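Participant: First the structure, then my questions, so here it is.
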Amino acid sequence: MPSRILGRPGEKVLLLGNEAIARGAVEAGLGWASAYPGTPSTEIVETLHSVSKDLGIHVEWSVNEKVALEAAYAAAISGVRSLAAMKHVGVNVAADPLMSSAYTGVEESLVVVSADDPGMWSSQNEQDNRWYGLHAFIPVFEPYSPAEAKDLTRDAFEFSSRMHHPVILRSTTRLSHTRGPVTLREAKPPVAKGSFKKNVQRWTVIPAHARRLRVELLERWGRIEEEVEKLPYNRLEKHSGGQAIIASGIAYGYVVDALNYLSLRDTVSVLKLSTTVPIPRKLVLDVLSSHESVLVVEELEPVVETWVKRIAYEEKLNTTIRGKDLVNRIGELTLETVTRAVAGFTGAEYPWKPAEAEITLPIPPRPPTLCPGCPHRALFYALKRAVNRSRVKAIYSGDIGCYSLGVMPPFEMQDALIEMGGSIGMANGFAHVDEDKMPVAIIGDSTFFHAGVPGLINAVYNKSPMLVVVLDNRVTAMTGHQPHPGTGFYATGEPAPMVKIEDVARGVGVKHVATIDPFNLKDSEKKLMDAIRYVAEEKKPAVVVARRACTLLIDAAARRRGITEPLYIVDQDKCTGCGICYNAFSCPAIIPLKNGKAEIDPALCTGCGVCAEICPFNAIRLARKGDPEWEKLWF
């Protein structure tokens, strides 16, 4: 990775869209980068981490997006070119400092990367964060390819520096995770140290100052509207026909391909937009006044369409404007959906014939599931038994992470799930309004540090009877194993201070705190029942930390060190086919045979041994002992 990002000027390399954004930041002279990992944004800061020592810049995984942006903002107002990266829902977390940053402006560049997720491939919604630009008076830049992502990122830094104003760079999943050829340019020497110059009237946003800053913001916004007209990324490809298409971001690439497919490239004009907030009014007016009809193609919401229609109304133009009546508002754009929309707009014949593969065998369903050996599976199993044996009715409030899969059978232990940290927050409400049930908040280790602590403080303060189960798999697993304050290491692999979840819980006033190893089912079940009893009797919150490392992390470490994992097999003579191991426990490594008996796939077995614990007939036994060092890897 470093060799691609730190290549020579003029060299052409194949980069992921997120890597291209990182390279653009490097070319701009980046000095600070901070983020909280979240798909599809994660690789931006991962890439910058990989070159931080070579460049002498500060790169960090922050505890959440709000802190990441606040830290980057502080660097920017101290004269250091800064970047804060996050997925689209992360901007919700960072909205407070984002709004204020537009009021104060910045001394040096501040680029906020919002990686939106149309189609919700790994998200709870598909919000369009261009609305944040309109709401906050922050310009939004949208590249359409990895090559443009690199160049536009670099120039976004220059724009931010010139205007002394933050900039949002919006990517989408398809752009973030697409590879393309990128030509490298000269990189500015990074400046990682700055000096904050005190200016209370500018940097302290109290009402008296904010009223003046609001006026200055609107004046600055007027200059920004003029500047976007000059950017070469916005261009009109004009033809003599009476029809035009306005396409923003990644939609431009689809539009070009669609016009080529329909043989309309030389007859339909195209206005390519890379600044969608604010849109270049003069270019849009040129299109509207010189064409009879216009189609706006953009991903998700009609942001550009709304402003194009407003301009037409204000200028009293009768141009026919179409958009979301032809272009899908749900999910990602595709070449097929854009070609269909362009054909509907132009009246062209639509000869789309997707390739059809002959399928002779039915494809079995593949519902998402926890990995073989995942400690969360053992925790869900033990927790379900503890709740049943305690004879309580539970409301399971869930959270964002691998353990969200607990919503699936056979566990079905995520009754409500809305956002990061919401498990404990919702449990506070359930605790006081539904007295017949016990709230059980299930949250991960990284998510606990991200947004769970305030909810826990609230539970202590308001005496909310609830059980909080923190699933500590020693890493931010779902986004690719990034560190967090509880891991004890930085992204570089160097040792870091370790913040213990148990210490945080006790520090905020939780009296009943326990730690379990979810692979030890008997002990886990007992301690969970003790915690449930405490909540029921004392009417106060209790915290149980379930600590076992992510099995993928352990597998990788074992391979690197040449450590042999244990292997379990099923004794067919003892197996009765009860199905507990593959139904109630639902381990993907255990396969039901035609006769109902179980069989363990040695290629999938990770040697956790939990299946041997739960088998009531002792039909599962150890076939191969692992190396003595194997067990030490898990903690």
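Participant: Just order 376-386, 210-220, 606-616 by mean Cβ neighbour count inside 10 Å, highest at the front, would you?
Facilitator: Going by the mean number of other Cβ atoms within 10 Å, highest first, we get 376-386, 606-616, 210-220.
Participant: How many Å³ per residue does the convex hull of the Cα positions in the stretch 375-549 occupy?
Facilitator: Spread over its residues, the Cα hull of the stretch 375-549 gives 99 Å³ apiece.
Participant: Would you tally the net charge around Ile330, using a Cβ to Cβ cut-off of less than 12 Å, leaving Ile330 out, and scoring K and R as +1, D and E as -1?
Facilitator: So the environment of Ile330 carries a net charge of -3.
Participant: Taking amide H positions as placed 1.01 Å from N in the peptide plane, with prolines and chain starts having none, which residues 5 or more places from Tyr568, or on another chain, fall under 5 Å of its amide H?
Facilitator: Gly607, Ala623
Participant: Another question, then. Computed on alpha carbon atoms, what radius of gyration and Dmax characterise the stretch 487-635, expressed in Å?
Facilitator: 18.7, 54
Participant: If you don't mind, there's one more thing I want to ask. More than 16 Å apart: what percent of Cα pairs in the stretch 562-634 qualify?
Facilitator: 44
Participant: May I ask for the percentage of alpha-carbon pairs in the stretch 397-442 that lie more than 16 Å from each other?
Facilitator: The answer is 34 percent, as a whole percent.
Participant: Let me ask something additional. If you add up the charges near Val543, with Lys and Arg at +1 and Asp and Glu at -1, over every other residue whose beta carbon is less than 9 angstrom from its beta carbon, what do you get?
Facilitator: Net local charge, Val543 excluded: 0.
Participant: Using a cut-off of 30 Å between alpha-carbon atoms, which lysines can reach Lys594, once sequence neighbours fewer than 8 places away in the same chain are excluded?
Facilitator: Straight-line reach from Lys594, under 30 Å: Lys384, Lys574, Lys625.
Participant: Right, next: Summing Lys, Arg as +1 and Asp, Glu as -1, what charge do residues with Cβ under 11 Å from the Cβ of Gly194 carry, Gly194 excluded?
Facilitator: Taking every Cβ under 11 Å from that of Gly194, the sum is +1.
Participant: For a quick check: with amide H placed at 1.01 Å from N, whose amide H comes under 5 Å from Trp121's, ignoring anything fewer than 5 positions away on the same chain?
Facilitator: Amide H neighbours of Trp121, under 5 Å, 5+ apart: none.
Participant: Using +1 at the Cβ of each Lys and Arg and -1 at the Cβ of each Asp and Glu in the chain, identify which of Leu152, Leu262, Gln243 lies farthest towards the dipole's positive end.
Facilitator: Leu152
Participant: Let me ask something else. What full-extension length gain, to one decimal in nm, is calculated for Lys526 and Glu613 as 0.36 nm per residue of separation minus the Cα-Cα distance?
Facilitator: 29.8 nm
Participant: Also, I was wondering about something else. Before rounding to the nearest 500, sum -39500 (n - 2.57) across all DSSP H runs of length at least 4 in the chain and divide by the residue total; then give [θ] at 222 nm in deg cm²/dmol.
Facilitator: -11000 deg cm²/dmol
Participant: Strictly greater than 12 Å: what percent of every Cα pair in the stretch 195-234 meets that?
Facilitator: Percent of Cα pairs beyond 12 Å in the stretch 195-234: 67.
Participant: What ranking do 79-86, 402-409, 46-53, 306-313 get when scored by the average of other Cβ atoms within 10 Å per residue, highest first?
Facilitator: For the peptides 79-86, 402-409, 46-53, 306-313, the packing ranking is 79-86, 46-53, 402-409, 306-313.
Participant: Moving on to the next point. Mind listing which trypsin sites (Lys or Arg not before Pro) in the stretch 456-539 are in a DSSP loop and have 14 or fewer other Cβ atoms within 10 Å?
Facilitator: Answer by residue number: Lys463, Lys511, Lys539.
Participant: With viscosity set to 0.890 mPa s and temperature to 25 °C, compute the Stokes-Einstein D of the stretch 65-200, Rh being the Kirkwood radius across alpha carbon pairs; µm²/s, no decimals.
Facilitator: 161
Participant: Starting from the Cα gyration tensor of the stretch 1-105, take the square roots of the eigenvalues, sort them a ≥ b ≥ c, and report rounded, prolate or oblate (rounded when a/c is under 1.5, otherwise prolate if a/b is larger than b/c, else oblate).
Facilitator: prolate
Participant: Then there's this: For the pair Ala496 and Glu225, what calculated FRET efficiency results from E = 1/(1 + (r/R0)^6), where r is the Cβ-Cβ distance and R0 = 35 Å, to the nearest 0.05?
Facilitator: Plugging the Cβ-Cβ distance into 1/(1 + (r/R0)^6) gives 0.20.
Participant: Let me ask something additional. Which Cα, out of Gly421, Thr204, Thr515, lies furthest along the positive dipole direction of the chain (beta carbon charges, K/R +1, D/E -1)?
Facilitator: Value computed over the given set: Thr515.
Participant: Using 7 Å Cα-to-Cβ label points, what is the Val407/Lys594 separation (nm, one decimal)?
Facilitator: Going from the Val407 label point to the Lys594 one covers 3.8 nm.
Participant: Apply 1/(1 + (r/R0)^6) to the Cβ-Cβ distance of Lys198 and Ile418, taking R0 = 30 Å, and write down the FRET efficiency to the nearest 0.05.
Facilitator: 0.15
Participant: Give me the percent of DSSP beta bridges within the chain that run antiparallel, rounded to the nearest 5.
Facilitator: Taking every DSSP beta bridge within the chain, about 25 percent pair in antiparallel fashion.
Participant: Over the residues of the chain, compute the C-alpha Rg and express it relative to 2.2 N^0.38 Å.
Facilitator: 1.08
Participant: Could you bin all the Cα-Cα distances of the stretch 235-346 into 5 Å bins starting at 0 and give me the percent of pairs in each, rounded to whole numbers?
Facilitator: The distribution over the stretch 235-346 is 2, 13, 27, 27, 20, 9, 2, 0, given as percents.
Participant: Another question, then. Which value, in debye to the nearest 20, describes the size of the charge dipole of the chain about its Cα centre when Lys and Arg Cβ atoms bear +1, Asp and Glu Cβ atoms bear -1, and nothing else is charged?
Facilitator: The dipole magnitude comes to about 1140 debye.
Participant: So, one more: Dipole size in debye (nearest 20) for the stretch 375-549 around its Cα centre, Lys and Arg Cβ +1, Asp and Glu Cβ -1?
Facilitator: 520
Participant: To the nearest 20 debye, what is the magnitude of the charge dipole of the stretch 151-222 about its Cα centre, counting +1 on the Cβ of each Lys and Arg and -1 on the Cβ of each Asp and Glu?
Facilitator: 260
Participant: Among Val570, Leu335, Trp121, whose Cα sits farthest toward the positive end of the charge dipole of the chain (+1 at Cβ of Lys/Arg, -1 at Cβ of Asp/Glu, about the Cα centre)?
Facilitator: Farthest towards the positive pole: Val570.
Participant: Restricting the count to DSSP beta bridges whose residues both fall in the stretch 235-346, what percent are antiparallel, rounded to a multiple of 5?
Facilitator: Here the antiparallel bridges make up roughly 20 percent for the stretch 235-346.
Participant: Name the residues whose placed amide hydrogens come within less than 5 Å of the amide hydrogen of Val113, ignoring near sequence neighbours (fewer than 5 apart) on the same chain.
Facilitator: Correct list: Ala84, Ala85, Met86, Leu169.
Values in this text are rule-based calculations from the coordinates and carry no lab data. Quantities reported herein were computed from a predicted structural model and do not represent experimental measurements. Backbone-built Cβ (ideal geometry, glycine too); neighbour counts: all protein chains shown.
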